[in-house]
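**Q** First the structure, then my questions, so here it is.
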Amino acid sequence: MKEFIISKKEFADRIQRLQSVIANENVDAVLVFSTESEPAGVRYFSDYWSSFESTAVLVPKTGDPILLIGPESMTFASSRSKIKKIIKMKDFRESSQPDYPGTTLMNWKELLNDLNIKKIGVSGWYMFPHVIFNNIANVIGKGNILEADDFVRKVTLKKSETELNCLREAARISELGFKAILENIKPGMTEAQLVGVATGSMMANGAEATGYPVWCCSGPNSTQAISRPTHRKVKEGEIIHFSVGAKVAGYSASIGRPVVLGKCDKEMLRFLQTGLDAENMTIDLMVAGTRASDIAKKVHGFIGEKGYKDTILYGPAHGCGQMECEFPFIESSSDFVLDTGMVFMVDIFLAKPTMGFRWEDGVIITNNKAEELSNFKRKINIL
């Protein structure tokens, strides 16, 4: 089993590229915040993925970065982090809020004054805790804390060849997870059992984790765009939609497929085929130099022409990297242009009141037809 590793040099290059961005911005440093469930920012710069606690990487305009962790994670963080300097802070403790009496922990005043930070940008802005924001504001003032998600996106948006290889491997393993479902599924199995089948296969074949909570959404649950498995038993003649994704070296892929056991009625078949055709259309349109909004408008126009305009929830694709769903979304309002090295999940989710499905596959943008990370069983799967 081949191990996929991001080199120390690539981690160092990422810090340098972010510092090049910061050099042109009116801040002294960027704080990249992450949680256990949204680990991408910190993992991208340090390879550390917190458990229970939250975490951040502090990147000053010049000088060495610092990994900020909670009080319990030093041995764990030291074993993983590509950033040498690690500081424990109470603000990153677990949500049960232990006090850690007798433990020496740095505070924001000491840290920011030591580094002469008067103005700071925060990446992970929309999940940044109010408590931490206030504690920093008490030192430098609220007006000196700025959103910095765009600073980090300038570094992360286009993937290196190493990152692309991690995503290719994550897609390969995701296929094995879905293949295991097709080999084992039968009426009467629960959604949770089928998720277990896929997860077990992916972990046995090299995944470090699932890329997100794997979904099996059957019957009435198939209308859920975001879901979790239940103990509902799958039945014949209904849509059972799967979202299966593996994580490799921090990079998450996904394949989304609907499955029908037994007979598939004509309207269900027509609905599923419309989604599949929309996914294939999206992939064909995704070429470097294409405006994102043009893709969304054409795909949504096609779905509307088939009579399913009201089943559309969001744009036909979204960014992908360390998070299976990350910035940017391709929507009718998107004004950016696709460029080589960008990675997207083509994600066609359509839902009527009684049934829904997802077709999903990753693509790498090139100057020609996009490179598909997977096309495994991209067909109407009636078993």
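Laboratory data are not the source of any read-out in this text; all were calculated from the coordinates shown. Treat the numbers as computed from the prediction; the structure is a model and nothing was measured. Heads up, the Cβs are rebuilt from the backbone with ideal geometry, glycines too, and the neighbour counts pull from every protein chain shown.
**Q** Which of the peptides 47-60, 195-208 is most tightly packed, and how do the rest follow, going by the mean number of other Cβ atoms within 10 Å of each residue?
**A** Values: 47-60: 22.2, 195-208: 19.5.
Those peptides, ordered most packed to least, come out 47-60, 195-208.
**Q** Check residue 259: other-chain or 5+ apart residues with amide H under 5 Å from its amide H, H built from backbone geometry?
**A** Sorted by chain and number, the residues that satisfy this are 240, 241, 242.
**Q** To continue, here is another question. Evaluate the relative contact order of segment 228-315 (contact order divided by residue number), counting alpha-carbon pairs under 8 angstrom at least 6 apart; express in whole percent. Each step should come with its number before you reach the end.
**A** Numbers: 62 pairs, mean separation 16.9, N = 88.
With pairs under 8 Å counted, the relative contact order is 19 percent.
**Q** From the phi angles alone, apply the Karplus equation (6.51, -1.76, 1.60; θ = phi - 60°) to segment 28-43 and give each ³J(HN,Hα) in whole Hz, x where the residue is Gly or Pro.
**A** Couplings: 8, 6, 10, 9, 9, 9, 8, 10, 4, 8, 10, x, 4, x, 5, 5 Hz.
**Q** What does the net charge come to around residue 148 if you take all other residues with beta carbon closer than 11 Å to its beta carbon, with K and R at +1 and D and E at -1?
**A** Neighbour charge sum, excluding residue 148 itself: -1.
**Q** Using the Kirkwood radius over C-alpha pairs as Rh, can you work out the diffusion coefficient of the chain via Stokes-Einstein at 10 °C, viscosity 1.306 mPa s, in µm² per second? Don't skip to the answer; put the middle values down first.
**A** On the way: Rh = 22.1 Å.
After rounding, the answer is 72 µm²/s.
**Q** At a 10 angstrom cut-off on C-beta neighbours, averaged per residue, how do the peptides 113-123, 322-332, 76-86 rank from highest to lowest?
**A** Details: 113-123: 17.7, 322-332: 20.5, 76-86: 16.2.
The packing order, highest mean first, is 322-332, 113-123, 76-86.
**Q** Mean residue ellipticity at 222 nm from the helices of the chain, using -39,500 (n - 2.57) per DSSP H segment of n ≥ 4 over the full residue count, to the nearest 500 deg cm²/dmol?
**A** Working: 10 runs with 127 residues, N = 383.
Mean residue ellipticity at 222 nm (helix-derived): -10500 deg cm²/dmol.
**Q** For residue 28, enumerate residues with amide H under 5 Å from its amide H, sequence gap 5+ or separate chain, H modeled in the peptide plane.
**A** Residues meeting the amide H criterion: 118, 119, 120, 121.
**Q** To continue, here is another question. Positive end of the dipole of the chain, charges at C-beta (+1 Lys, Arg; -1 Asp, Glu), about the Cα centre: which of 383, 215, 62 has its Cα farthest in that direction?
**A** Towards the positive end, the residue furthest out is 383.
**Q** Right, something else. State the antiparallel share, in %, of DSSP beta bridges confined to the chain, rounding to the nearest 5.
**A** Values: 44 of 56 bridges.
Antiparallel bridges: around 80 percent, rounded to the nearest 5.
**Q** Taking 0.36 nm per residue of sequence separation and subtracting the Cα-Cα distance, how much length would be gained by fully extending the chain between residue 291 and residue 61, in nm to one decimal?
**A** Gain on stretching residue 291 to residue 61: 79.5 nm.
**Q** Shifting gears a bit: Sorted by mean Cβ packing within 10 Å, highest first, what order do the peptides 177-188, 215-226 take?
**A** Working: 177-188: 16.6, 215-226: 20.1.
The packing order, highest mean first, is 215-226, 177-188.
**Q** Okay, moving on. Too long at a 19 Å Cα-Cα cut-off: which of 61/84; 109/142; 82/109; 154/298; 61/159; 179/247?
**A** On the way: 61/84 17 Å; 109/142 14 Å; 82/109 25 Å; 154/298 28 Å; 61/159 23 Å; 179/247 17 Å.
Over 19 Å Cα-Cα: 82/109; 154/298; 61/159.
**Q** Please list the three semi-axes, largest first and in whole Å, of the ellipsoid equivalent to segment 59-212, using sqrt of 5 times the eigenvalues of its alpha carbon gyration tensor.
**A** Numbers: eigenvalues 313, 83, 51 Å².
Sorted largest first and rounded, they come to 40, 20, 16 Å.
**Q** Sticking with this one: Given Cα pairs under 8 Å that are at least 6 residues apart, what percent is the relative contact order of the chain? If you can, show how the numbers build up before the last one.
**A** Numbers: 827 pairs, mean separation 51.2, N = 383.
It comes to 13 percent, rounded to a whole number.
**Q** Express the relative contact order of segment 161-382 as a whole percentage, based on alpha carbon pairs under 8 Å and six or more residues apart in sequence.
**A** On the way: 536 pairs, mean separation 49.4, N = 222.
Value for segment 161-382: 22 percent.
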